[in-house]
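Single-structure report; data block below.
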Amino acid sequence: MESIDEKLAGRVDHYIEALFAPQDAVLAENLKNAERAGLPSISVSPNEGKLLYLLAKISGARRIFEIGTLSGYSTTWLARALPPGGKLITLEVDPRHAEVARKNLALAGLDGQVEVRLGNAAETMRQMAASGESPFDLVFIDADKPLYVEYLRLALELTRSGSLILADNLIRGGRVLEAAPGDPNARGAKDFNEALAADPRLESIILPIYRDKLDGLSITRVK
Ligand code: SAH
Ligand code: DHB
Ligand code: MG
């Protein structure tokens with residue numbers, strides 16, 4: 001595949017970060033605790049975190065739902081956008097990740113507004129839909145990519161007209177351009193992108209995001 005000017009793209013990403021998403025003590029501590037606990041460094045970048053924050057804030061989201069917590073880094077960006085009395089529920093299947101995230105969110109002073117729910121996301125979402133959970137204003141999908149299409153289907157049962165659905169990692173270094181990606185994560189992202197584009201209930205776009213490689217975030221409004 002052709003390459004982009006990775007050095008320039010990286011410098012531009014850091015230029016934007018220094019201006020608009022400078023590191024603060026809470027976010028730095030979050031990533032340090034994640035690293036200490038041996039969690040993979042696959043959190044959203046500071047710039048993508050700021051974008052999530054702005055989308056939540058601009059849309060006035062009071063109820064936010066996240067699939068895939070890891071150390072609670074993206075959770076922190078999203079929860080900081082909540083108004084007083086707002087709530088965020090985040091799902092995590094790995095108890096070690098959930099434990100690190102709970103500690104991080106308490107250190108961030110966000111444990112009153114954020115609930116880390118341990119369990120398999122699809123199963124938990126089915127239960128939430130069946131038990132008549134109030135609709136969420138914003139859903140952020142960022143867990144196992146092969147299940148993204150299913151998460152989209154379930155997210156539509158947990159949202160309302162006007163809700164935002166966001167999903168991470170949809171370009172995968174350009175591997176979604178392959179006709180039949182061998183990488184299961186790229187395959188999952190490609191299937192998701194096509195499901196998103198074809199769904200008449202949704203209006204969407206994917207924003208390319210560059211960090212260490214090219215990836216993308218989808219932004220969807222439920223009609
Ligand atoms: N949103 C985080 C990164 C999440 S990484 C951030 O940007 O800061 C993906 C997370 O999804 C991992 O912690 C992984 O354990 C979790 N995950 C994977 N499969 C899952 C499943 N089936 N249900 C719930 N969580 C899952
Ligand atoms: C990767 C990155 C992510 O943001 C994620 O949620 C999962 C995996 C990765 O680069 O492998
Ligand atoms: Mg991600």
* Just one of E123, E133 is without any contact (Cβ under 8 Å) to a residue 24 or more places away in the chain, away from ligand 2 (no atom under 16 Å from the Cβ) and open to solvent by 30 Å² or more (accessible area, probe 1.4 Å); which is it? -> E123
* **Residues satisfying the stated conditions in the stretch 155-178, i.e. open to solvent by 20 Å² or more (accessible area, probe 1.4 Å) and under 22 Å from D215 (Cα atoms)** => L164, N169, I171, R172, G173, R175, L177, E178
* Looking at the stretch 37-79, which of its residues are polar (S, T, N, Q), in contact with a Ser or Thr (Cβ under 7 Å, 6 or more places away or on another chain) and either modelled with pLDDT under 95 or under 20 Å from Y210 (Cβ atoms) (or both)? -> S43, S74
* Asked: Going through the stretch 184-199 one residue at a time, which ones are among the small types (G, A, S) and either within 21 Å of R221 (Cβ to Cβ) or surrounded by fewer than 18 Cβ atoms within 10 Å (Cβ to Cβ) (or both)?
  -> A189, A195, A197, A198
* To do: Please tell me if T90 is part of a helix (DSSP H, G or I) and open to solvent by less than 60 Å² (accessible area, probe 1.4 Å).
  => no
* Residue that is farthest from the chain's Cα centre (by Cα) [pool: residues in the stretch 68-87 that are more than 16 Å from ligand 2 (Cβ to nearest atom) and open to solvent by less than 30 Å² (accessible area, probe 1.4 Å)] -> G86
* If you go through the stretch 7-51, how many residues are in contact (Cβ under 8 Å) with a residue 24 or more places away in the chain and in a helix (DSSP H, G or I)? -> 20
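The values are calculated or read from the model by the stated rules, or taken from the named source; none is laboratory data. The shown structure was predicted, so the numbers you read here are calculated from the model rather than taken from an experiment. Neighbour counts are summed over all protein chains in view; Cβ atoms, including those assigned to glycine, are modelled from backbone coordinates with ideal geometry. In case anyone asks, the SASA skips ligands and DNA or RNA and just uses the protein heavy atoms, side chains included. Shrake-Rupley method; radii C 1.70, N 1.55, O 1.52, S 1.80 Å.
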